[in-house]
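The values are calculated or read from the model by the stated rules, or taken from the named source; none is laboratory data. For clarity, every value in this text was computed on a predicted model and none was experimentally measured. With ideal geometry, Cβ positions are generated from the backbone for all residues, glycine too; neighbour counts draw on all protein chains shown. In case anyone asks, the SASA skips ligands and DNA or RNA and just uses the protein heavy atoms, side chains included. Shrake-Rupley method; radii C 1.70, N 1.55, O 1.52, S 1.80 Å.
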Amino acid sequence: MGKFSVTHEINCNVETFWKTFLDKTFNEKLYLEGLGFPAFKIVDQTETDAKIIRKVAGTPKMEVPPAVAKVLGSNFGYTEDGVFDKTAKVWTWKLTTSAMPDKIKQEGKVTVTAIGDNKVRRTAEIFMEAKVFMIGGLIESSGEKQLREGWDKSAVFMNKYLASAAL
């Protein structure tokens, strides 16, 4: 499949965006309440002068074709290893799936650009590949659909969260 990107407008400045994006409480609410994940946990988050490193474990709500669900299994989950580069202001991540981690690859980066006093454009560039005989393309297309919907929902959730929070 290769690469695709999603872009959204978020109602805050760049500093507030990253502060919120990296906030543990926000992420737990986003994934469990906003995206309906059955399970989500920040396993570790550490900060240095140059970067913030975070590892999460998640079990997404799966809405995929039966053939994909059968291959991925009923307990499908993933771990995500991400790094925020404080100088470049870029978030990069790599996912490791619980099913076929050597055959399914997903990684990407998030960048943010100010487009007004209190508005940013968030762009997520995502690479996804599934090297699974016969249904790799189906896994990729289902995954892209799920990811696009999730990023769309996350933008709506983040804007509501920011509007209700006293930041």
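What single numbered condition from (1) under 15 Å from the mean Cα position of the chain (by Cα); (2) not in a helix (DSSP H, G or I) fails to hold for residue 28?
The one condition residue 28 does not meet is (2).
List pairs: first in region 1-27 and modelled with pLDDT of 95 or more and buried (at least 16 other Cβ atoms within 10 Å of the Cβ), second in a helix (DSSP H, G or I) and among the small types (Gly, Ala, Ser), Cβ under 9 Å, 6+ apart or cross-chain?
6/155; 8/154; 8/155; 10/155; 11/163
Given the structure, is residue 150 in contact (Cβ under 8 Å) with a residue 60 or more places away in the chain and surrounded by fewer than 17 Cβ atoms within 10 Å (Cβ to Cβ)?
Judged against the criteria, residue 150 is not a match.
Which residues, taken from region 11-53, are out of contact with any Leu (no Cβ under 8 Å at 6 or more places or on another chain), of a type in the set (Lys, Arg) and farther than 18 Å from residue 75 by Cα?
Within region 11-53, 24, 29, 51 meet the criteria.
Looking at region 66-120, which of its residues are free of Cβ contacts under 8 Å to residues at least 12 places away in the same chain and either surrounded by 15 or more Cβ atoms within 10 Å (Cβ to Cβ) or farther than 29 Å from residue 159 by Cα (or both)?
Hits for region 66-120 are 66, 69, 70, 74, 101, 102.
Could you tell me which numbered condition residue 164 fails, if it satisfies all but one of (1) within 18 Å of the chain's Cα centre (by Cα); (2) under 25 Å from residue 52 (Cβ atoms); (3) among the hydroxyl-bearing types (Ser, Thr, Tyr)?
Just one mismatch for residue 164, condition (1).
Restricting to region 121-140, and then to whatever is outside any strand (DSSP E or B) and touching a helix residue (DSSP H, G or I) at 6+ places or on another chain (Cβ under 9 Å), can you tell me which residue is surrounded by the fewest Cβ atoms within 10 Å (Cβ to Cβ)?
134
Please work out which residue is most open to solvent (accessible area, probe 1.4 Å), limiting yourself to region 42-65 and to residues that are free of Cβ contacts under 8 Å to residues at least 12 places away in the same chain and part of a strand (DSSP E or B).
Within region 42-65, the match that is most open to solvent (accessible area, probe 1.4 Å) is 47.
Residue check: is residue 35 touching a Pro at 6+ places or on another chain (Cβ under 8 Å) and either of a type in the set (A, V, I, L, M) or on the phi > 0 side of the Ramachandran plot (or both)?
It is true that residue 35 is touching a Pro at 6+ places or on another chain (Cβ under 8 Å) and either of a type in the set (A, V, I, L, M) or on the phi > 0 side of the Ramachandran plot (or both).
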